[in-house]
Every structure is written in structure tokens, then in C-alpha cells.
1. So the check is Cβ under 6 Å with 6+ separation or different chains; which pairs have a first residue in the range 208-234 that's polar (S, T, N, Q) and a second one that's part of a loop (DSSP other than H, G, I, E, B)?
2. Which members of the range 453-486 meet the condition of being of a type in the set (Gly, Ala, Ser) and within 19 Å of Pro428 (Cα to Cα)?
3. Among the residues of the range 400-435, how many are aliphatic (A, V, I, L, M), under 18 Å from the mean Cα position of the chain (by Cα) and in a loop (DSSP other than H, G, I, E, B)?
4. Which of the residues that make up the range 329-355 are surrounded by fewer than 23 Cβ atoms within 10 Å (Cβ to Cβ) and within 23 Å of the chain's Cα centre (by Cα)?
5. Check Met196, Met202, Met181 and return the single one that is under 26 Å from Leu127 (Cβ atoms), in a helix (DSSP H, G or I) and touching a Leu at 6+ places or on another chain (Cβ under 6 Å).
6. Quick one: what pairs do we get from the range 309-324, first residue touching a residue at least 40 places away in the same chain (Cβ under 8 Å), second buried (at least 19 other Cβ atoms within 10 Å of the Cβ), C-beta under 6 Å, 6+ apart or different chains?
7. Can you pull out the residues in the range 578-591 that are touching a residue at least 12 places away in the same chain (Cβ under 8 Å) and open to solvent by 20 Å² or more (accessible area, probe 1.4 Å)?
8. Tell me, please, whether a residue that is charged (D, E, K, R) and modelled with pLDDT of 95 or more can be found in the range 292-310.
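The values are calculated or read from the model by the stated rules, or taken from the named source; none is laboratory data. Note that this is a predicted model, so its numbers are computed, not measured. Every residue, glycine among them, receives a Cβ derived from its backbone with ideal geometry; neighbour counts consider all protein chains shown. To get the accessible areas, we keep the full protein, side chains included, count just its heavy atoms, and leave off ligands, DNA and RNA. Shrake-Rupley method; radii C 1.70, N 1.55, O 1.52, S 1.80 Å.
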Amino acid sequence: MFSTKEGRVESIETVPATENDPIKQPYYITNSHTAMNENKVQELQDVVIRFSGDSGDGMQLTGTLFSDTSALLGNGISTFPDYPAEIRAPQGTVAGVSGFQVHFGAKRQLNPGDFCDVLIAMNPAALKANRKWLKPGATVILDEDSITEEHLRKAGFATLDPIRELNLEDFNVVVPNITEMTKAALADSGLDNKAMVKCKNMFALGICFYLYNRPEDHAKHYLDSKFAKKNPAIAEANKRAIDAGYNYAANTHQFANTYTVASGQMEKGTYRSISGNVATAWGLCAASEKSGLPLFCGSYPITPATVILEELAKRKDLGVKTVQAEDEIAGICTAIGASFAGNFAVTTTSGPGLSLKSEALGLAVMVDVQRGGPSTGLPTKTEQSDLQQALYGRNGESPVAVIAASMPSDCFHYAFEAGRIAMEHMTPVVLLSDGFIANGSEPWKIPSMKDYPTINPPIIDKTEDGGPFMPYARNEKLARSWAFPGKAGLEHRVGGLEKDKLKGSISIDPQNHQEMTNLRAAKIAKIADYIPHQTVYGDPEGDLLVVGWGGTRGHLQNAVDKMRAEGKKVSLCHFNYINPLPHGVADIFKRFKKIVVCELNEGQFANYLRGKLQQFDYEQYNKCEGQPFTVTELTNKFHSLLK
């Protein structure tokens, strides 16, 4: 966590460690290496590095440590952890490659970058899987010890020369003996061969620290906090591996230049690096605090939403209660029971879990971290294909509010908003995230809770006139009163059968059912009066309006910025409130000659807009590859639409 003053990094301190937040002891960053050749240092505005190797090579940790170090120095960062879809694919194969991409720069980075400046490939499979993501002239660092006939065969190479086979002659390819040099550096550590080899990811990290003038202190503090007490030899070995990699890079002639990236001018405040899942959990805690109601989360673990449940389970100090249920249906049913008992109740899920929970979706916030489908699909890959299910995936006419977060850091805000709407309007809310922003991270300015509004659920303790309680009477928001069990005079019937519009008793009256159907729809529609009006990024009128929703915000905004820099009249209208749509959308749409809806599915939001705003024509740009958009493909599409 770091504090800024007038755009400069003033101090750096830490917050309590979690598994995904590897910082433990307070410290200040200093660079212990001073031997860099100043004549070779070049200043860059931004850099993209991709760490890649087998699932067991520690690439996620390596990328996280490099990212956190850069964030602590005041750089803007955006990360993209890219896991294999299988729990443990065969070692050395392309299917088993795990990657972590980080984009860091002198200003806020809205996406992790299309292509990388540096690729760290721990084996031939990682090289082959990531060849297409290299920028022209990029630096490739490949562990020479992994270039064996067996590894090449597993990776699907046809020859014994992966460099030539992948046409890498025009790239800066460096092939150090990472594994052997790591083992040599740890020869007297007392570790066995397997344990020494596991430290090779830290050797690669040391190389990157040297290349980009990053200090080692943060990484070493993490290693001490994780291993020093239980296994100090492991902590020391990994720290020595970092030094060995740094010293190798400093003393070899393989790198013509080293680089530095200046700290960004940041708004005064205290910052920390945060992932979307952690931000979501904390936003739910904030909503609980502002409502005065305890938070309950009943969930079943499912990738990539599990971290939210894990993070909430750590917050017993805030009164959070969590239940890891035996299945998805049990998870949401415990949440419904908790809400009836007077809790702010939440359940989390992804993909097929949303299908299982749909029937029971009641008075609870459901967080759906979208992933590639259908069914089990691509559990570790990102997609936006649950929108229609969130909007319509229930029997009968039973609309719910739907909100979507757009960046890792704003998951906090929209989780808070989901809680506010659920409790003040007495309605189920589906908060849509996705694998990209859930696992990705960026610097987040920690807000002051005094800047967030009080949440006022319509809790009732007694009837105003002493008369009979009418549980389905509604206030100006069309919300019913929230009567906790055990309050004399407020007893009422609960259950799934249709109720009388006032008394709450079971009713099969046709006219009552029609009125209740109308009320349920009107209650959701009325939420639009209590959310911000829709805004447009860029000019209020022009030739092309780019429309997006949810986690595509960063890529779309960068693409629009690029088009505007070329003098094109392109703007962005990005949606976080999906159902109901905010006020002002039609007024924005009518000012543009063309509208293109971009989403990571086959057109679900475009079709939704066609139903809601039929007077407009919509172009589409869709992608279902389990990967986020690239700015390059977006700008190519926008250029084609402007011809």
C-alpha cells in the first residue's frame, strides 16, 4: 500500500497479508543494486511483460511479485493471469501453459496490453503458445535447459530448432541456462534437486528486476513472510535465486539496454493493488457496514468466483458469516434463509452455477463471475455469455436488477451498489463480473467510507397505526417492508406460491396475479430513478458510438482513445447498469450516425438493446475465444465501419 502527495510516491507501507496479497511486514523500498550502467538506461512510458511456463513453474507468483513491485513504485498496472482450463494438464504441453501478463506504465493502464515487449518462456511449450503475442522486435528469454527433444516433442515442434521454426530470427532472443544457473547458485543451500529447480522462477524474476530497474525488496519481504518461519531454507534459496538472476542480467552482454518507467502522476491518497474478486468482497463488506446489517455469504466453490468466498471468510472481525455449502442450490438457499432472518445475504457463482441457482434466486445479491461456457466450458477463461441468463433465466415473469462491474478496482463500487439496490428496493440483484477483471489487478485508491451513502433498508418493527400488518404493502420505491421473524404483530406467510398484493396470503385470483406481475416489473423499472444517468466518454455526438458493458471497458476506452487521436469522431457509451437501463440512453444514441456493440459473446447485449430501444440500428463486434479483446482488433473494426 502506498500514499501519494501531489502526484509523487511519498511513502510505502504494507497491509496484512493474504494468499493473494503477498505483503506482510512494513518496509520502505530501496534498490540494493547500484551497478547499472547509467549510459544504457532508457526511459519508457509503458511496458508489457508476459511470464509463461508450466502450471507448476510459479508464473502467477512471479507475475504478481513483479506487478506489486511496480505498483508500489507508483506505476499504473493492469494484469492478466491466464490459467490452463484443466486442473493439471500434461507437463510440457501447450495445453498446460500458465501465463501472467502485466502492463505497467507512467499513467493508469486500462488493460494488460495486446502484445508483449518481453516474453519469459520457461519451456518450449510456453514459447509456442505465446509466439502470437510478441511485439515486433520483442525480447524473448527462454530457458535453454528446457530445450530438449522430449520437451520439443511434447510441445508439438516438428524440428529441434524452435527459434527458427517459429521465425524468431528478427527478435531479441536470449537463451540462458536458467535451471542450471539456479541450481549452481543454490548448490550449498542444502536443498534437494527438485526444490532447487522450483526456484528458477525467481531467477527469471531477478532478470526482469534488472532489466526494468525494479527493486527486489518487496519480493524478498514476501518470501520471508511466507517461508521464513516454517522453512527458512526455502525463503533464503528463493531470495538467492532472485539475486542470481539479477547478477546474471547485470553481467551478461545479452541485453543491450536496461530501462526505467517513471512513476505516474496520481491523485493524492492511499493506494493498494487489488484484484476484482477481492474488491468485490470488500464492497459487500462496505454495504453491510453502511446498512447496519450483518453480511452472510452462502456459496459453493467454483472457478473463478471462489476467491470472493475465501476473502469474506477472513472477515470475521467485521461480523461476516460464511457457509461453504455442499452444492450451488444449497448455497443460494442458505442465503435466502439468512436474508429472511435479517442479514444482507449474498451468494457467489460462475457459469453453470448460475443455472442451478436460478429457481431459488430470491432476496439476495448474486455475484456471477462469468467464464467460458457452455456447461463446464472453459473454467479459467473469460467471457460475457451469462447476460441473457441473468436477465431472463427464471420461470415466470420475474425480472431482477442486473449490474456489471467494468474494472478490477470498480468491483468494490458496484458490489456496494448491488447491496444498496437489493436492500433499499427489496429485490434480487445479479452482479456480473468476469474472469478477466476478477483475477486481474490494478492500483486502487482506498476510499473513505464517509464518502459512501448510508443504506436504508425498509425494516419495520411495528405497524404505524397498530392495525394488521400488510406485508405486501409498498413504499415509494415499490419495495415491501422487511419484517424480521420473531416480531410480534408482524407474522406473515413466506413461500413460493403467489401472494395477495397486500395481505401476503396465498392467492390464485387471476386479477391479483396480473397486478403482482405488473408490480414486480414496475419495481425493477423504478430503480432507474435511483441510479446515475447514462454518460458518454468523448464527444456527445459523432460518426461512431462504441457501446460496451462490463469488463471490456479498458480495451474499448483505449481503442476509442486511439481513434480519437487519429481525428476520428468516435465516442464510447459503456454500461454498468443493465436492468433497468439508466435514463438518457436514447438521447445519447440518437446523436451518432452508427452504433457498434462490442461484447465477448455472440450479441446478447445487442439483442437486449434491440428489444429495449428498437428505433436504432446496431452493428456488432463479437468474440468468443475465452480471451479479452485486443485494442488492435477493435480499432480495425472501427476503421472498417467508418469507411
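1. Short answer, once both residue conditions are applied: Ser225/Ala17; Ser225/Lys24.
2. Within the range 453-486, the subset of a type in the set (Gly, Ala, Ser) is 466-467, 473, 479, 481, 483, 486.
Ala473, Ala479, Ser481, Ala483 - these are the residues of the range 453-486 that are of a type in the set (Gly, Ala, Ser) and within 19 Å of Pro428 (Cα to Cα).
3. Step one: list which residues in the range 400-435 are aliphatic (A, V, I, L, M), which gives 400-405, 407, 415, 418, 421-423, 426, 429-432.
Those left that are additionally under 18 Å from the mean Cα position of the chain (by Cα): 402-405, 407, 415, 418, 430-432.
Okay, now just the ones that are also in a loop (DSSP other than H, G, I, E, B), so 405, 407.
Within the range 400-435, residues that are aliphatic (A, V, I, L, M), under 18 Å from the mean Cα position of the chain (by Cα) and in a loop (DSSP other than H, G, I, E, B) number 2.
4. Listed by number, the residues that qualify are Pro352, Ser355.
5. Values: Met202 fails: touching a Leu at 6+ places or on another chain (Cβ under 6 Å); Met181 fails: touching a Leu at 6+ places or on another chain (Cβ under 6 Å).
Checking each option against the conditions leaves just Met196.
6. Between residues of the range 309-324 that are touching a residue at least 40 places away in the same chain (Cβ under 8 Å) and residues that are buried (at least 19 other Cβ atoms within 10 Å of the Cβ), the close pairs are Glu311/Val278; Glu311/Ala281.
7. To start, the set of residues in the range 578-591 that are touching a residue at least 12 places away in the same chain (Cβ under 8 Å) comprises 578-586, 588-591.
Matches in the range 578-591: Asn579, Leu581, His583, Gly584, Ala586, Lys590, Arg591.
8. We begin by selecting, within the range 292-310, every residue charged (D, E, K, R); these are 310.
From the residues that got through so far, the ones that are modelled with pLDDT of 95 or more too are 310.
Looking through the range 292-310, at least one residue is charged (D, E, K, R) and modelled with pLDDT of 95 or more.
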